[in-house]
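Below is one structure, written out as structure tokens, with a few remarks after it.
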Amino acid sequence: MRERLRRAAVRLDAATPPDRDRAVDALRAFAILGVVLGHWLVTALVADGGTLHTASPLRDMPWLAPISWVFQTLSVFFLVGGHVATRGYTSARAQGTTYGQWLAARLSRLFTPVAAVLVVWTVTAVALLLSGTDFETVRALVKLALSPMWFLVVFAGLTAATPLLTRLNPLWPLAVVLHVDLIRFGLGGPSWLGWVNVAAGWLVPYTLGAAWTRGELDRARAGWVLLAGGTAATAALVLWAGYPASMVGVPGTTISNLDPPTLAAVTFGLAQCGLALLLRDRLRRALRRPLAWSAVALVNLSAMTVFLWHQTALMATTAAILPAGRLPGLHTRPDDLTWVAARLAWLPVFALTLTVCWAAFRVYEQGPRRRPSRHARVARAHTHPPHPAAKSPHRA
């Protein structure tokens with residue numbers, strides 16, 4: 001078995017175009033897996049009587065905030081997304097592809113996997129309500145299952161605006177975020193103004209990706225400036241400006257760094273982007289190994305399926321085991337280290353359930369299954385234009 005995997009990895013490695021930037025795929029894979037593991041670690045469904053409601057260990061144990069620093073990786077995803085989109089749009093123009101054709105191809109393949117999630121959860125919600133399940137429980141489950149989709153809406157909007165963003169300096173959206181927070185928190189402005197940052201905040205790493213395409217971030221100095229500057233700014237905002245230390249939302253808190261994005265979340269993202277840029281050469285060297293490259297390629301091949309179904313996997317596990325009683329790390333309040341240890345033990349079960357979801361719904365991302373072996377399908381996906389949101393930087 002091991003020898004078969006090694007041979008398949010070697011064939012995939014040989015089929016990959018030599019000019020492909022494998023670091024882009026690695027960063028995307030790390031970003032997706034970071035979001036998945038982060039959600040599994042800080043999202044709890046507490047069984048309270050006949051209802052389920054969401055909770056977070058970060059509320060009762062705020063000293064665990066560094067977990068969010070490791071696993072809140074959305075800025076890296078937008079960095080890579082901006083790089084891939086601007087490079088793809090430039091290639092499309094050179095080949096004579098119209099903007100409408102380019103955008104339709106990207107968005108159709110981005111949102112096709114979403115349709116399956118919406119259908120499944122619409123049917124599930126109706127069935128739960130008809131069976132007498134408490135409305136608040138259904139609401140919590142549906143909200144949790146569909147929560148990843150806000151990110152896709154924002155990503156789609158930025159993708160559509162790519163022709164306007166190819167030359168936009170990241171300092172402009174950063175200045176917007178700064179002024180919005182100054183008005184909201186410093187001058188007592190309306191809270192709804194923060195929703196401007198949903199676009200402006202994620203524009204910062206997205207336009208950094210465009211700068212990467214233009215070659216403006218090739219030197220190590222750019223990565224060090226982003227890493228050092230972003231780290232210093234985030235530390236100052238948390239220590240002296242009253243921003244939360246957690247880089248993810250925590251139920252019950254008055255301020256969330258992500259809902260909507262704050263200046264602290266954006267500066268933290270700058271530090272992440274700087275680190276990602278500094279790691280590019282090391283990743284390229286590491287991914288010369290066929291087995292390492294095969295693992296990254298397989299994650300990218302199913303990136304959207306994994307992202308869209310990981311919360312469903314958590315909830316399915318929680319609901320399926322609930323009849324056996326309230327189990328630590330799964331149904332109990334996340335308020336001590338016992339819960340943390342138990343949650344770590346549940347991670348393989350979540351992964352197994354997600355594998356089942358992947359097997360059932362990957363066809364909506366990868367297309368109908370054909371006769372060739374898996375390594376051949378992966379090789380084809382990495383030779384021809386793949387999924388625009390989760391594959392190649394060469395796609396037009």
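Scanning for something in a loop (DSSP other than H, G, I, E, B) and under 18 Å from residue 72 (Cα atoms), does the range 232-241 turn up at least one residue?
Narrowing the range 232-241 to residues in a loop (DSSP other than H, G, I, E, B): 241.
Among the residues that remain, those that are also under 18 Å from residue 72 (Cα atoms) are: none.
No, the range 232-241 has no match at all.
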Quick check: is even one residue across the range 128-136 open to solvent by 40 Å² or more (accessible area, probe 1.4 Å), under 19 Å from residue 207 (Cα atoms) and touching a residue at least 40 places away in the same chain (Cβ under 8 Å)?
-> no
Unmet requirement for residue 178, which otherwise passes all of (1) closer than 14 Å to residue 263 by Cα; (2) of a type outside the set (Asp, Glu); (3) buried (at least 21 other Cβ atoms within 10 Å of the Cβ) = (3)
Residues of the range 71-98 classified as exposed (fewer than 15 other Cβ atoms within 10 Å of the Cβ), in contact (Cβ under 8 Å) with a residue 12 or more places away in the chain and either basic (Lys, Arg) or in contact with a Gly (Cβ under 7 Å, 6 or more places away or on another chain) (or both), total = 0
Residue check, residue 361 against (1) open to solvent by less than 30 Å² (accessible area, probe 1.4 Å); (2) in contact with a Phe, Trp or Tyr (Cβ under 7 Å, 6 or more places away or on another chain), all met but one. Which one?
-> (1)
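Count, please, the residues in the range 138-182 that happen to be part of a helix (DSSP H, G or I), of a type in the set (Val, Ile, Thr) and closer than 27 Å to residue 111 by Cα.
Residues of the range 138-182 that are part of a helix (DSSP H, G or I), as a first pass: 138-146, 149-160, 162-165, 171-182.
Next, from what is left, pick out any that are of a type in the set (Val, Ile, Thr): 138, 142, 153-154, 159, 162, 176-177, 180.
Now drop any that are not closer than 27 Å to residue 111 by Cα, which leaves 138, 142, 153-154, 159, 162.
Counting residues in the range 138-182 that are part of a helix (DSSP H, G or I), of a type in the set (Val, Ile, Thr) and closer than 27 Å to residue 111 by Cα gives 6.
The values are calculated or read from the model by the stated rules, or taken from the named source; none is laboratory data. This is a predicted model, so every value here is computed, not measured. With ideal geometry, Cβ positions are generated from the backbone for all residues, glycine too; neighbour counts draw on all protein chains shown. Ligands, DNA and RNA are excluded from the accessible area calculation, which covers all protein heavy atoms including side chains. Shrake-Rupley method; radii C 1.70, N 1.55, O 1.52, S 1.80 Å.
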